[in-house]
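No lab work stands behind these numbers, since they all come straight from the coordinates. Just so it is clear, the structure is predicted and the values come from calculations on it, not from any experiment. Cβ coordinates were reconstructed from backbone atoms using ideal geometry, including for glycine residues, and neighbour counts include every protein chain displayed.
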Amino acid sequence: MSAQLDIVYKLKEALETGNPEVATPFMADNFTHQALPAHPWTTGELGPDLERCSTRLGAPRRTKDQWKTHVVAINSRLKSLKFEILDTIDNPGSITLHTMAQCTFDDGGENIPVEIVFVFKFTEDETGAPKLISTLEFMDSLAMVKVAERQARGKKV
């Protein structure tokens with residue numbers, strides 16, 4: 001396994017456990033995270049219930065500190081989050097990961113699977129070790145709307 005892929009697995013662990021500190025030592029200081037695609041529902045055009053949802057596609061690009069807060073927030077709304085890795089493309093300077101996330105809810109309702117493709121970009125630190133510089137997260141927008149609607153109804157997701 002490449003050093004880059006080791007870092008990606010640390011990020012996966014951080015997301016699944018809600019502990020961002022597992023991954024942050026492997027991130028560049030100027031790390032950014034972007035959730036895509038952007039959709040009208042993120043601006044409230046589908047009504048006030050969805051406007052107040054904190055699960056949004058097309059959210060502003062997050063810094064490392066904002067990503068850490070985001071990871072904790074995601075896990076506070078879910079009973080569990082697990083990623084199944086469907087495919088991996090490992091190239092120098094970048095990794096693309098095709099995943100299926102399984103969100104388990106506290107309320108006993110049905111789980112919502114979310115297909116996600118991550119694009120991880122790397123740089124090197126002064127020792128030549130890889131550092132994660134950015135993540136693009138392309139999410140299944142229909143599944144994310146379902147998650148947001150469930151959250152808007154006041155259920156813990």
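With 25 Å as the limit on Cα-Cα distance, the pairs of 68/121; 121/146; 79/131; 64/146; 10/146 that go past it are 121/146; 79/131; 64/146; 10/146. Exposure proxy shown here: for 141, 80, the number of other Cβ atoms within 10 Å sets the order, fewest to most, as 80, 141. Put in line by how crowded their Cβ is, counting other Cβ atoms within 10 Å and starting with the fewest, 110, 115 read 110, 115. With both labels modelled 7 Å from their Cα along Cα-to-Cβ, the residue 124 to residue 84 distance reads 3.8 nm.
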